[in-house]
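**Student:** Structure provided below as C-alpha cells; questions to follow.
The values are calculated or read from the model by the stated rules, or taken from the named source; none is laboratory data. Predicted model only: the values in this text are computed from it and were never measured. Note that each Cβ is placed from the backbone with ideal geometry, even for glycine, and that neighbours are counted across all protein chains shown.
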Amino acid sequence: MSIAAANVPLQSGRKRGVWRGRIFVALLVLSLLVGFVALGTLFFDVLSKGVAYVDPVLLTNSPSSDPAVAGARPALLATLYLGILLILFTVPIGVGTAIYLEEYANRDRWYNRLLELNIQNLAAVPSIVYGILGLAFLVRGLGLGRVLLAGALILTLLVLPTVIIAAREAIRAVPSSIREGAYALGATQWQVVWRQVLPAAIPGIATGSILALARAIGETAPLILIGALTFISFNPTAMGPFTALPVQIYNWTKLPDPEFKALAAAAIIVLLIMVLLLNAGAIWLRNRYQKRW
Amino acid sequence: MVKALLGLCALVSVATTLGIVVALFLPAFEFFREVSLRDYLTGTEWAPLFLQKSFGVIPLIVGTLSVTIWASLIAIPLGLGAAIFLSEYARPRLRATLKPALELLAGIPTVVYGYFALTWVTPHLESAGLDVGVFNALSAGLVMGVMIIPTVASLSEDAMSAVPRDLRYGAYALGSSKLQVSTRIVVPAAVSGIVAAFVLGISRAIGETMIVLLAAGQQPNLSFDPREAVETMSAFIAATGAGDVPTGSVEYKTIFAVGATLFVMTLIVNAVSIRLVGKYREVYE
C-alpha cells in the first residue's frame, strides 16, 4: 500500500522531468540555430544584392565615382600582396618562436614564462590597437609612410600570436620517442628539430598559418588607421599607398548611393569566397594529414 | 647559435608588447599635459574636433558599454546553450560537423558583419516597429553578439569536455536526469572555464571596431538608449585615425589617449578573467 502511494508523486515528477528535459534540449538546439540562421541570412542577403555586380568590371576596373564602371582591382591586388608578404613574414618568425619555446627554452627561467604569458596576452589585444602601433611607429615614427609594407607588417604582428600558438601545439604533438630515437642515432638537437620534429609538425603549422591568413585578409580597422582608406586607381606596390579589399568594402558601404551598397555586396562575395576557401583548405589539410601517434 | 636566432624570433613578440605600450602611453602622457586627467575621466562631453574643444571620455565609454551589453545578452546565453548541446547532447560525429561550422561565424570578416548590421538588421528592426535611427547601438550589438557566439561556445565546450566522466556517471547513478547532470554537475564543475569564455567574449566586444563604425554611428552620446546612435572608443580611434589630423596636435594625441583607455579596459577585463579562473578552478587528478 505504502509503496503504491509513494509511487504516484514519483511518477508524475518523472513525467515533469521528461518534459523539462525536452524543453531544455529544444532551447539548446535553438541557441545553436540562431547562429546558423544569422549566417544563412547574411549569405542570402549578400548574394541576392551583390551577385549581379560580380563581373569582370568589378575585378579589373579601378574605383570610380560612377558605380557603373567602378571596380576593385587595386584593392584586390593589394590584398593579394598583403597575403603573400604576411605569409613570408609570419611563418618564419612564428615557427622560430614556437621551436624556441618548445625545444630550446628552459621552462624554469622567469623570462621564458613571461614570454609565454606575453604571447597569450597579445592574442587578446584588440586589432585597432595594432593599428595605433602601426600609425605611431611605422607610418609616422619610422617615416615609412602610408604604404603597403607597413600594412603587411602590422597584420604580421596581429596574427603572429595565433601562428605561434598553433605551431607550438603542432610541435608539442610530435611524440618524444621520435626525438629520443634520433638522439640515440647521434643526431644533434638542430638535426632532430629540422629533420624529425618540423616535418612531422608541418600539417599543423600549415593549418594554423592558413587560418591566420584567412583572418588577416579580412582585417579592416588596423589598415584604416595606417591610411588605407584612400582613393587608389593604380596598381599597388610594396612601398606605395594602398587600399585593401575589406577597406574598399567599408568605403562603398558608407556611401549613401544604393548602387555602391550593391557593389559592396559584390566585393563581400569575393572576399567571402577567399576567406571560405582558405578555411576549407585548412580544415581539409587538418583532416587529411592529421597523424595519430 | 641556432638558439640565439630562434630567441631573436621570440623577441619579436616582446618587442610588439613594448611597442604597443610605448606607442600608446608616450603620446597619451603628452595629451594629459594639455588636458587634465580629471577632466578626461569625469567629463561628460566629447568634442575634440570642435572649435569649443571638450575632452570628457565618459560618452565614449558609455557607447562602448551600451553595445557590449547587447552583444553579451546575445552571445552569453546562446554561446553557453550551444556549448552544452555540443558537449553533453551531440553525438561525436554531429559535434565534429557542427563545431567547425559554428566557428565559421567567427571567421567572417568584421566589415561584412558591419555591412549586414547597417543594411539588413537596422531596416528589419525598423519594420519590426522599433523606432531606431539609421545608426543605432542595438543593431551593432546584436550582430556583434552573433559574431562572439563561437568564442563563448568553443571555449565553454572545451571546459565542459574536460569535466571527468566519473562525475557524470556518479550523478546518473544517483538517479539524475540528463538535464540535471548538465546544469548541476557539468556546468558548475566547468564554471571557471565558462566564465573565462564569457570574459574573453566581452573583451572582444569592447575592442571590436568595424561593426560599430558602420552600424552604431560616430556620434558621442551619453545615453544607454539602444535605439540611438553612439560612438565607441574603437570607432572614434578609427574615424580620427583615418582623417588627416596633423601629427603632434591635441586631436592627434586623443587617438592615443583613447587607445590607452581601451587597452587598459581590456587588460582589466582579462585580468579579472584570470583571477576568476584561478579562484574557481577545480583540479581533477
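**Student:** Being small (Gly, Ala, Ser) and at the interface with chain B (Cβ under 7 Å from one of its Cβ atoms) is the filter here, so list the residues in segment A:27-41 that pass it.
**Tutor:** Within segment A:27-41, A:Ser31, A:Gly35, A:Ala38 qualify.
**Student:** Turning to a different aspect of this structure: A:Leu144 versus (1) away from chain B (no Cβ under 11 Å); (2) buried (at least 21 other Cβ atoms within 10 Å of the Cβ); (3) over 20 Å from A:Val193 (Cβ atoms): which is the lone unmet condition?
**Tutor:** Condition not satisfied by A:Leu144: (2).
**Student:** So which residues in segment B:29-49 are in a helix (DSSP H, G or I) and within 19 Å of B:Gly243 (Cβ to Cβ)?
**Tutor:** Within segment B:29-49, just B:Phe31 meets the criteria.
Table: residues versus (1) over 18 Å from B:Ser234 (Cα atoms); (2) touching a helix residue (DSSP H, G or I) at 6+ places or on another chain (Cβ under 6 Å).
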| residue | (1), (2) |
| --- | --- |
| B:Ala159 | yes, yes |
| B:Gly170 | yes, no |
| B:Ala173 | yes, no |
| B:Ala215 | no, yes |
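**Student:** Separate question: Quick one: which helices (runs of 4 or more DSSP H) lie wholly within segment B:71-166 and hold at least 3 residues that are in contact (Cβ under 8 Å) with a residue 12 or more places away in the chain and within 11 Å of chain A (Cβ to nearest Cβ)?
**Tutor:** B:92-107, B:110-116, B:137-161
**Student:** Is it fair to say B:Gly241 is assigned to a helix (DSSP H, G or I), at the interface with chain A (Cβ under 9 Å from one of its Cβ atoms) and touching a residue at least 60 places away in the same chain (Cβ under 8 Å)?
**Tutor:** No, not satisfied.
**Student:** Please find, within segment A:77-90, the residue that is nearest to the other protein chains (Cβ to nearest Cβ) out of those that are surrounded by fewer than 21 Cβ atoms within 10 Å (Cβ to Cβ) and touching a residue at least 60 places away in the same chain (Cβ under 8 Å).
**Tutor:** That would be A:Phe89.
**Student:** Is there a residue being in the same structural domain as A:Ala280 (by TED's automatic domain parsing), within 15 Å of B:Val112 (Cβ to Cβ), at pLDDT 85 or above and surrounded by 21 or more Cβ atoms within 10 Å (Cβ to Cβ) anywhere in segment A:232-244?
**Tutor:** yes
**Student:** Would you be able to tell me the number of residues in segment B:50-66 that are out of contact with any Asp or Glu (no Cβ under 6 Å at 6 or more places or on another chain), surrounded by fewer than 20 Cβ atoms within 10 Å (Cβ to Cβ) and under 21 Å from B:Val245 (Cβ atoms)?
**Tutor:** Of the residues in segment B:50-66, 4 are out of contact with any Asp or Glu (no Cβ under 6 Å at 6 or more places or on another chain), surrounded by fewer than 20 Cβ atoms within 10 Å (Cβ to Cβ) and under 21 Å from B:Val245 (Cβ atoms).
**Student:** Anything in segment B:1-36 that is among the aromatic types (Phe, Trp, Tyr) and out of contact with any Lys or Arg (no Cβ under 7 Å at 6 or more places or on another chain)? List them, or say none.
**Tutor:** Once the filter is applied, which keeps residues that are among the aromatic types (Phe, Trp, Tyr) and out of contact with any Lys or Arg (no Cβ under 7 Å at 6 or more places or on another chain), segment B:1-36 yields B:Phe25, B:Phe29, B:Phe32.
**Student:** Take A:Asn251 and tell me if it is surrounded by fewer than 20 Cβ atoms within 10 Å (Cβ to Cβ) and more than 8 Å from chain B (Cβ to nearest Cβ).
**Tutor:** no
**Student:** Hey, does segment A:229-243 have a residue that's within 10 Å of chain B (Cβ to nearest Cβ) and out of contact with any Gly (no Cβ under 8 Å at 6 or more places or on another chain)?
**Tutor:** The answer is yes, given that some residue of segment A:229-243 is within 10 Å of chain B (Cβ to nearest Cβ) and out of contact with any Gly (no Cβ under 8 Å at 6 or more places or on another chain).
**Student:** Here's a follow-up. Report every pair of residues separated by at least 6 positions or lying on different chains whose Cβ atoms are under 9 Å apart, first residue within segment A:262-274 and facing chain B (nearest Cβ under 7 Å), second of a type in the set (S, T, N, Q) and in a helix (DSSP H, G or I).
**Tutor:** A:Ala264/A:Gln248; A:Ala264/A:Asn251; A:Ala264/A:Thr253; A:Ala264/B:Thr119; A:Ile268/A:Thr253; A:Leu271/A:Thr79
**Student:** Just for segment B:193-225: of the residues that are hydroxyl-bearing (Ser, Thr, Tyr) and facing chain A (nearest Cβ under 10 Å), which one is surrounded by the fewest Cβ atoms within 10 Å (Cβ to Cβ)?
**Tutor:** The residue in question is B:Ser203.
**Student:** Out of the residues in segment A:136-158 meeting the condition of being modelled with pLDDT under 90 and not in a loop (DSSP other than H, G, I, E, B), tell me which one is nearest to A:Ile232 (Cα to Cα).
**Tutor:** For segment A:136-158, the residue satisfying everything is A:Val139.
**Student:** Return only the number of the condition from (1) closer than 18 Å to B:Leu24 by Cβ; (2) at the interface with chain B (Cβ under 8 Å from one of its Cβ atoms) that A:Ile93 does not satisfy.
**Tutor:** Checking A:Ile93 against (1) closer than 18 Å to B:Leu24 by Cβ; (2) at the interface with chain B (Cβ under 8 Å from one of its Cβ atoms), the one that fails is (1).
**Student:** Further, regarding this structure: A:Arg73 fails exactly one of the following numbered conditions: (1) more than 11 Å from every other protein chain (Cβ to nearest Cβ); (2) under 30 Å from A:Val197 (Cα atoms); (3) among the charged types (D, E, K, R); (4) surrounded by 14 or more Cβ atoms within 10 Å (Cβ to Cβ). What is the number of that condition?
**Tutor:** Every listed condition holds for A:Arg73 apart from (2).
**Student:** Could you say which residue among A:Ile128, A:Ile87 is in the same structural domain as A:Ala282 (by TED's automatic domain parsing), under 18 Å from B:Gly19 (Cα atoms) and either at pLDDT 90 or above or in contact with a helix residue (DSSP H, G or I) (Cβ under 7 Å, 6 or more places away or on another chain) (or both)?
**Tutor:** A:Ile128
**Student:** Just checking, does segment A:175-196 include any residue being touching a residue at least 24 places away in the same chain (Cβ under 8 Å), more than 10 Å from chain B (Cβ to nearest Cβ) and under 30 Å from B:Arg204 (Cα atoms)?
**Tutor:** no
**Student:** Among (1) within 20 Å of A:Leu135 (Cβ to Cβ); (2) at pLDDT below 90; (3) in a helix (DSSP H, G or I), which single condition is B:Lys3 missing?
**Tutor:** All conditions are met except number (1).
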